[in-house]
1. Look at residue 25 and say whether it is under 16 Å from the mean Cα position of the chain (by Cα) and either exposed (fewer than 13 other Cβ atoms within 10 Å of the Cβ) or at pLDDT 80 or above (or both).
2. Restricting the first residue to region 85-111 and requiring it to be more than 24 Å from residue 126 (Cβ to Cβ) and in contact (Cβ under 8 Å) with a residue 12 or more places away in the chain, which pairs with a second residue that is among the aliphatic types (A, V, I, L, M) and part of a helix (DSSP H, G or I) meet a Cβ separation below 6 Å and a spacing of at least six or different chains?
3. May I ask you to list the residues in region 100-117 that are within 12 Å of residue 38 (Cα to Cα) and among the polar types (S, T, N, Q)?
4. Output yes when any residue across region 61-70 is modelled with pLDDT of 80 or more and either out of contact with any Lys or Arg (no Cβ under 8 Å at 6 or more places or on another chain) or not in a loop (DSSP other than H, G, I, E, B) (or both), and no when none is.
5. What are the pairs with Cβ atoms under 7 angstrom where one residue, in region 37-50, is not in a helix (DSSP H, G or I) and the other, located anywhere, is not basic (Lys, Arg)? Sequence gap at least six, or different chains.
Amino acid sequence: MPEPEPVMRRPAPLLAIGQPDPASRIPYTGWPLFALGFRPFYLLAAGFAVIGMAAWAALLLNWLPAVRGPVLAPLFWHAHEMVFGFAAAAVVGFLLTAGKNWTGLQTPQGPRLAGLAALWVAGFAAYLWKYAPYLLAPRVDGRDG
């Protein structure tokens, strides 16, 4: 009986991420901040991280005592802001950039990307709006908490 031929083991082909066809690319002539998806969202994530750390430190140092009890416990506030604030902006920025390479399709840019970034800012502002009475009322009344 003849021996079976050895099976050649080749590595499985990986997904090749190539450049999209230059002919299908529409040149963007607007403001460079809104040319690629990662730019506004990474900038928002970085800015949010600075603001969030300052607010977290203010909570821990009891500089914002009115916010502590009635709205959200500091630990849950921190977790909420890390997931829905910082991480959401970073993940959306990554997906808008990587999606272009994965699919070869154009991702939002210009006014559409600015609208997505404005939607994130509006969500953050709406979340802060419910804190406004607890932050402003003691100051208006002349008490600092």
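1. On the way: under 16 Å from the mean Cα position of the chain (by Cα): no; either exposed (fewer than 13 other Cβ atoms within 10 Å of the Cβ) or at pLDDT 80 or above (or both): yes.
For residue 25, the condition - under 16 Å from the mean Cα position of the chain (by Cα) and either exposed (fewer than 13 other Cβ atoms within 10 Å of the Cβ) or at pLDDT 80 or above (or both) - is not met.
2. 107/96
3. Narrowing region 100-117 to residues within 12 Å of residue 38 (Cα to Cα): 100, 107-109, 113-114, 116-117.
The answer is 107, 109.
4. Start the filter on region 61-70 by keeping residues that are modelled with pLDDT of 80 or more, which leaves 61.
Next cut, either out of contact with any Lys or Arg (no Cβ under 8 Å at 6 or more places or on another chain) or not in a loop (DSSP other than H, G, I, E, B) (or both) only: 61.
Yes, because at least one residue in region 61-70 is modelled with pLDDT of 80 or more and either out of contact with any Lys or Arg (no Cβ under 8 Å at 6 or more places or on another chain) or not in a loop (DSSP other than H, G, I, E, B) (or both).
5. 37/93; 37/96; 37/97; 37/107; 37/108; 37/113
The values are calculated or read from the model by the stated rules, or taken from the named source; none is laboratory data. This one's a predicted model, so the numbers in the text were calculated from it and none came from an experiment. Counting neighbours? That spans all protein chains shown, and the Cβs are built from the backbone with ideal geometry, glycine included.
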